[in-house]
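To keep things clear, I will list the structure first and then write my remarks on it.
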Amino acid sequence: MKFQKICVLGLGYIGLPTASTFATHGLKVVGVDTNPRVIETLQNGNIHIHEPGLRTVVESALSSGNLTVSPRPEEADAFLIAVPTPFYEDTHGEYDGRNYRLADMRAVTAATEAILPCLRKGNLVVLESTSPPRTTVDLVKPILEKSGLKAGIDFHLCYSPERVLPGQILRELIENARVLGGITTESAKAAHDLYATFVKGEIIETDATTAEMVKLIENTTRDVNIAIANEFSRLAEKFGVDVWEAISLANRHPRINILSPGPGVGGHCISVDPWFLVETAPELTTLIYQARQVNDEQPHFVMEKVKQVLGSLKDKKIAALGLAYKPDVDDLRESPAAEVVHLLQQEGAQVKAWEPFKPDAKIKGIYMAANLEEAIESADLILLLVKHTEFISLQPQEIASKTHARLLIDCVNGLNTREWEDSGFTVYRLGVSNLKISNQQSRV
Ligand code: SAJ
């Protein structure tokens with residue numbers, strides 16, 4: 001099938017890079033977003049997302065005339081839906097005494113309905129938003145069929161999970177393997193023709209529900225793996241073991257690959273997607289549910305550790321380094337670091353947070369320092385929450401000259417303990433017992 005013009009609905013972290021990449025590969029692309037500010041920003045030649053390399057691609061897509069932006073879709077050969085699928089903040093499902101999150105599919109529903117007036121015979125529609133199993137066949141298909149056209153006969157319909165890593169989106173968009181799940185073989189083939197425009201990784205055709213499941217089991221596996229690492233960190237503290245050393249040694253086993261403990265799991269993917277499986281089959285997902293619980297509890301574990309070091313937190317001054325959900329990104333969504341700050345404050349601590357990737361972020365109830373110096377100046381304790389490259393290269397001597405704080409808690413194994421101790425700091429690490437740490441240097 002030949003494609004000349006496509007509409008991409010949703011110009012966020014996935015939609016904008018996808019729309020721009022199609023445009024720089026020669027397709028006419030209408031990028032659609034319902035947020036007027038997004039449209040305005042792009043029309044003024046700016047971008048609203050921080051992602052390495054994205055500005056250049058968007059600029060080139062816009063200036064070539066191949067990418068235009070609009071608040072509503074128009075007729076095209078294909079429609080790609082890449083809108084957010086968060087969960088509801090205020091309503092929960094309940095099964096056997098366990099509360100679980102519910103996917104908010106309103107944006108997918110609205111985007112699909114917006115396509116309806118433009119849908120023509122021979123079109124291809126692809127859902128890319130991460131969605132609970134069967135969304136393509138049970139939610140998207142019936143809406144599109146209100147047009148009078150039959151999915152799989154008059155138009156093609158597919159699910160294609162996006163699996164790009166924030167921070168690496170533009171490269172992974174092109175290089176990653178791409179799974180295309182069609183509601184018919186012909187639908188998958190049509191999508192294959194479209195994505196072959198720029199995808200250099202393997203393109204694999206399957207059915208729509210399998211493709212939905214692929215995405216969910218990938219992120220769920222990662223969540224469960226991090227949960228077990230976090231549980232190991234708690235056990236290691238109890239046994240006087242250094243969890244980082246233990247994991248590193250275990251990972252030398254040829255069939256073991258344990259991820260890293262930390263202050264919890266954030267972002268809009270791994271902390272959300274497992275719920276899509278729990279929601280659709282709570283009776284079958286005890287382990288997945290428990291992993292979510294463990295990861296969500298991890299900020300509490302960090303707060304308790306700070307308490308062990310400082311005693312009562314009332315009026316204690318803490319410099320929190322990092323608020324992003326993971327290293328070297330500016331994304332603060334579902335950030336466990338922010339949750340740690342809230343918990344410390346609830347215990348009476350005065351926290352100044354420094355986030356170099358978003359110094360002017362506005363998070364309710366969190367004081368953002370203007371720079372590192374301001375955060376640490378009058379602190380009693382420095383708390384490293386995110387392994388940003390610029391934090392792990394901090395010079396302990398220099399920091400010692402800028403603060404009277406001599407207590408440091410490293411939640412991400414980012415600092416060289418010995419160097420910091422040589423500069424007069426007492427260093428505690430997540431996953432290492434507070435009692436033994438002052439004389440103990442990790443061997444990894
Ligand atoms: N984290 C740990 N320990 C680790 C690894 C990560 O605590 O060893 C934490 C991070 O700090 C962060 C969270 O987990 O808070 C998630 O970070 P991540 O880098 O694991 O994943 P995301 O959410 O940035 O991107 C994931 C990726 N999925 C997988 O690696 C299976 C990406 O490929 C997906 O495209 C993306 O979710 C998505 O959009 O679903």
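Key figures
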item: Matching entry among I203, I258 (being within 16 Å of the ligand (Cβ to nearest atom), open to solvent by 20 Å² or more (accessible area, probe 1.4 Å) and either under 25 Å from T135 (Cβ atoms) or touching a residue at least 24 places away in the same chain (Cβ under 8 Å) (or both)); result: I258
item: Condition broken by G97, with the remaining ones in (1) in contact with a strand residue (DSSP E or B) (Cβ under 7 Å, 6 or more places away or on another chain); (2) open to solvent by 60 Å² or more (accessible area, probe 1.4 Å) satisfied; result: (1)
item: Residue among P327, P359 that alone is within 16 Å of L385 (Cα to Cα), open to solvent by 30 Å² or more (accessible area, probe 1.4 Å) and more than 16 Å from the ligand (Cβ to nearest atom); result: P359
item: Strands (runs of 3 or more DSSP E) enclosed by region 112-192 - at least 1 residues per element that are β-branched (V, I, T) and either in contact (Cβ under 8 Å) with a residue 12 or more places away in the chain or more than 16 Å from the ligand (Cβ to nearest atom) (or both); result: 124-127, 178-182
item: Top-ranked residue of region 58-78 - restricted to ones that are in a loop (DSSP other than H, G, I, E, B) and open to solvent by 40 Å² or more (accessible area, probe 1.4 Å), ranked as farthest from Q43 (Cα to Cα); result: D77
item: Selection status of T389, more than 25 Å from V272 (Cα to Cα), loosely packed, with under 14 Cβ neighbours inside 10 Å, at pLDDT 95 or above and in contact with an Asp or Glu (Cβ under 7 Å, 6 or more places away or on another chain); result: yes
item: Residue within region 300-312 that is within 16 Å of the ligand (Cβ to nearest atom) and either more than 25 Å from the chain's Cα centre (by Cα) or on the phi > 0 side of the Ramachandran plot (or both) present; result: yes
item: In region 206-216, residue nearest to the ligand (Cβ to nearest atom) [restricted to those that are assigned to a helix (DSSP H, G or I) and either buried (at least 18 other Cβ atoms within 10 Å of the Cβ) or without any contact (Cβ under 8 Å) to a residue 60 or more places away in the chain (or both)]; result: K215
item: Residue under evaluation R252, criteria (1) more than 10 Å from the ligand (Cβ to nearest atom); (2) in contact (Cβ under 8 Å) with a residue 24 or more places away in the chain, criterion not met; result: (2)
item: Test for R222: is it in a loop (DSSP other than H, G, I, E, B) and open to solvent by 40 Å² or more (accessible area, probe 1.4 Å); result: no
item: Pairs, first open to solvent by 70 Å² or more (accessible area, probe 1.4 Å) in region 415-437, second assigned to a strand (DSSP E or B), C-beta under 9 Å, six or more apart; result: R418/V427
item: Exclusive hit being among the aliphatic types (A, V, I, L, M), crowded, with 16+ Cβ neighbours inside 10 Å and farther than 17 Å from E162 by Cβ, set I115, I6, I49, I81; result: I115
item: From F232, F198, residue being out of contact with any strand residue (DSSP E or B) (no Cβ under 9 Å at 6 or more places or on another chain), more than 10 Å from the ligand (Cβ to nearest atom) and open to solvent by less than 20 Å² (accessible area, probe 1.4 Å); result: F198
item: Pairs with Cβ under 8 Å, 6+ apart, first in region 348-363 and touching a residue at least 24 places away in the same chain (Cβ under 8 Å), second basic (K, R) and outside any strand (DSSP E or B); result: G348/K314; G348/K316; A349/K314; A349/K316; Q350/K316
item: Verdict on A361 being among the small types (G, A, S), at pLDDT below 95 and under 30 Å from I49 (Cβ atoms); result: yes
item: Residue check, A375 in contact with an Asp or Glu (Cβ under 8 Å, 6 or more places away or on another chain), away from the ligand (no atom under 16 Å from the Cβ) and modelled with pLDDT of 95 or more; result: no
item: Conditions (1) away from the ligand (no atom under 13 Å from the Cβ); (2) open to solvent by less than 20 Å² (accessible area, probe 1.4 Å): number failed by G322; result: (1)
item: Given (1) under 30 Å from Y159 (Cα atoms); (2) buried (at least 18 other Cβ atoms within 10 Å of the Cβ); (3) among the acidic types (D, E), number of the condition E237 does not satisfy; result: (1)
item: Residue count, region 265-296 (criterion: near the ligand (Cβ under 8 Å from one of its atoms) and either free of Cβ contacts under 8 Å to residues at least 24 places away in the same chain or in contact with a helix residue (DSSP H, G or I) (Cβ under 6 Å, 6 or more places away or on another chain) (or both)); result: 6
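The values are calculated or read from the model by the stated rules, or taken from the named source; none is laboratory data. Only a predicted model underlies this, so the values are computations on that prediction, with no experimental measurement involved. Reconstructed Cβ throughout: ideal geometry from the backbone, glycine too, with neighbour counts over all protein chains shown. For accessibility, only protein heavy atoms count, side chains too; no ligands or nucleic acids. Shrake-Rupley method; radii C 1.70, N 1.55, O 1.52, S 1.80 Å.
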